[in-house]
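Note sheet for the following structure.
The values are calculated or read from the model by the stated rules, or taken from the named source; none is laboratory data. What you see is a predicted model, and the numbers here were worked out from it, not measured in a lab. Please note: Cβ atoms are built from the backbone with ideal geometry, for glycine as well, and neighbour counts cover all protein chains shown. Just so you know, the surface numbers come from the protein's heavy atoms only, side chains and all, with ligands and any DNA or RNA stripped out. Shrake-Rupley method; radii C 1.70, N 1.55, O 1.52, S 1.80 Å.
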Amino acid sequence: MTTVHRQATGYLVICKGAPEFLLHSDVISADDAMLRTALTKAGEYAGLGLRVLAVAGGEALRRPASADEAESNLQLLGLVGIADPPKPSACATIAAFRAAGITPILITGDHPATAGAIAAEVGIAAKADEVVDGLQPASDDQDRLLHAPVVARATPEQKLAIIDARQRAGEIVAMTGDGVNDGPALRHADIGVAMGRRGTEVARQAADLVLADDELSTMVAAISEGRRIYANVRRFLLFGMSGGAAEIMVMLMGPFLGMPLPLLPAQILWINLLTHGLTGVALGAEPADKGVMRRPPRPPAESVLGAGLWKRILRIAVLITAVTLAVAIWGLMTGREWQTMAFLTLGTMQLSVAVALRGRPGTRENPLLLVAVAAAWLLQLAAVYIPPLARLLGTQPLPLLDLAVVAALSLLGYAGIRLDRKLHPR
């Protein structure tokens, strides 16, 4: 950039720009030794992570008639090194991305030495040869663009090329930016993230998300929250579908085992009301697992029931069904209130499954779930021991021994989930 200023004795011309351009052009009138020394010093500053500008100036008796006239025969005034250090949280943020299976890439318009120094400081790259110079002919190599952790002096077109290369490789690409020239890349990325404070209006309009605090670490928290929500969706599906499948299997298999109607319709509705109501809602408030940010991202094409979830649903459903039918058969063979025992077992086992599905068992996180399970179990008992409810649902009071048997066997739901997690961690 060149500016012209009126003075009492004529005009002052000041020019600034990147050293690698200004010191190789016809703008500056200086001997080769001085230019080489200045370029060497600029490289040293860039290696320290500074953004370097060369400044030149000159005087003229009359106003320059054109830009070419103004930008000629100027004297080198010096170099300016501008420090723009990474935020204190940058290293921890990059480490958190890597632990979560996310590959951070630095794409910048800065000098390769500056980009390399910053990348090494925050942990993106460790070697100078990992930096691709966007002005070099080799930077058009798609393979290098795909694998380079740092791209310096990148043009808007090259940013798009990098995103395209990684998307063609099957990767999901998030792009952060704040400038006007970041707009196309923000729009083209799978997730465009703009800075809310220092970002331009173009960047904010092109992005899918805007960071109101301009903190990259906010993305770590957002990713963790997204994974928590997704895990809770799968957690609820496991809880709800295993219980529902167990109810169906109990009703289908009961008649073949000498129980024409294992459960009354009102009893099934009561169980569903207690398990899928407040208990199911409370499951959605479970905190994230401790290791949620130490797992790789799930494949984009993976179903919400993938990664073995549907198999786990079947395993838990079979367990609930087997225990419920076993209690009912034992009650039938010994002259007990077998239908009421099956009703209590089926409901209580599902509640024990809900407790076992906690994201952080053994902690005080999400006390609402424990309250919901306790309230649901008390209502389950009320359906047996409070006469109006018992008449409505067709249940009979159970002796304490039978209730103890039902309660003890229902804990197999908790044990089954914990064992299944050990055998099938994913």
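Six or more apart or on different chains, Cβ under 8 Å: which pairs go from a residue in segment 202-216 that's touching a residue at least 24 places away in the same chain (Cβ under 8 Å) to one that's aliphatic (A, V, I, L, M) and open to solvent by 50 Å² or more (accessible area, probe 1.4 Å)? Could you list them?
Close Cβ pairs (under 8 Å, with a partner that is aliphatic (A, V, I, L, M) and open to solvent by 50 Å² or more (accessible area, probe 1.4 Å)) amount to Ala203/Val180.
Of all residues in segment 137-155 being crowded, with 17+ Cβ neighbours inside 10 Å and small (Gly, Ala, Ser), which is modelled with the lowest pLDDT?
Ser139
Name every residue in segment 179-208 that is surrounded by 20 or more Cβ atoms within 10 Å (Cβ to Cβ) and of a type outside the set (Val, Ile, Thr), in order of residue number. Even if it seems obvious, please write down each step before you answer.
Step one: list which residues in segment 179-208 are surrounded by 20 or more Cβ atoms within 10 Å (Cβ to Cβ), which gives 182-183, 185-186, 189, 192-195, 199, 203, 206-207.
Across segment 179-208, the qualifying residues are Asp182, Gly183, Ala185, Leu186, Ala189, Gly192, Ala194, Met195, Gly199, Ala203, Ala206, Ala207.
Here's a check for you: in segment 378-398, which residue that is part of a helix (DSSP H, G or I) and in contact (Cβ under 8 Å) with a residue 40 or more places away in the chain is most open to solvent (accessible area, probe 1.4 Å)?
That would be Leu392.
Provide a single number: the residues in segment 299-315 that are without any contact (Cβ under 8 Å) to a residue 12 or more places away in the chain and either in a loop (DSSP other than H, G, I, E, B) or hydroxyl-bearing (Ser, Thr, Tyr) (or both).
Result for segment 299-315: 5.
When both residues are 6+ apart or on different chains and their Cβ atoms are under 6 Å apart, which pairs have a first residue that lies in segment 356-370 and is surrounded by 13 or more Cβ atoms within 10 Å (Cβ to Cβ), and a second that is charged (D, E, K, R) and part of a loop (DSSP other than H, G, I, E, B)?
Listed by first residue and then by second, the contacts come to Gly359/Glu286; Gly359/Asp289; Asn366/Glu286.
From the list Arg187, Arg166, pick out the single residue that is modelled with pLDDT of 90 or more, of a type outside the set (Phe, Trp, Tyr) and either out of contact with any strand residue (DSSP E or B) (no Cβ under 7 Å at 6 or more places or on another chain) or part of a loop (DSSP other than H, G, I, E, B) (or both). Give the steps one after another, and end with the answer.
On the way: Arg166 fails: modelled with pLDDT of 90 or more.
Step by step, each of Arg187, Arg166 is checked, and only Arg187 is modelled with pLDDT of 90 or more, of a type outside the set (Phe, Trp, Tyr) and either out of contact with any strand residue (DSSP E or B) (no Cβ under 7 Å at 6 or more places or on another chain) or part of a loop (DSSP other than H, G, I, E, B) (or both).
Only one of (1) among the basic types (Lys, Arg); (2) under 50 Å from the mean Cα position of the chain (by Cα); (3) over 18 Å from Ser72 (Cβ atoms) fails for Lys16. Which number is that?
Condition not satisfied by Lys16: (3).
Select the strands (runs of 3 or more DSSP E) contained entirely in segment 1-118, then report the ones holding at least 3 residues which are open to solvent by 70 Å² or more (accessible area, probe 1.4 Å).
Per the criteria, 75-83.
Please count how many residues of segment 166-188 are among the small types (Gly, Ala, Ser) and in contact with an Asp or Glu (Cβ under 8 Å, 6 or more places away or on another chain). Working first, answer last.
As a first pass, look at segment 166-188 and keep what is among the small types (Gly, Ala, Ser): 169-170, 174, 177, 179, 183, 185.
From what is left, the residues that are in contact with an Asp or Glu (Cβ under 8 Å, 6 or more places away or on another chain) are 174.
Residues flagged as among the small types (Gly, Ala, Ser) and in contact with an Asp or Glu (Cβ under 8 Å, 6 or more places away or on another chain) within segment 166-188 amount to 1.
Quick one: in segment 258-267, of everything that is in contact with a helix residue (DSSP H, G or I) (Cβ under 6 Å, 6 or more places away or on another chain) and assigned to a helix (DSSP H, G or I), which residue is least open to solvent (accessible area, probe 1.4 Å)?
Across segment 258-267, the extreme among qualifying residues is Gln267.
Consider Thr176 against the criteria (1) in a helix (DSSP H, G or I); (2) touching a residue at least 12 places away in the same chain (Cβ under 8 Å); (3) open to solvent by 20 Å² or more (accessible area, probe 1.4 Å); (4) within 21 Å of Gly101 (Cα to Cα): it satisfies all of them except one. Which criterion is unmet?
Failed condition: (1).
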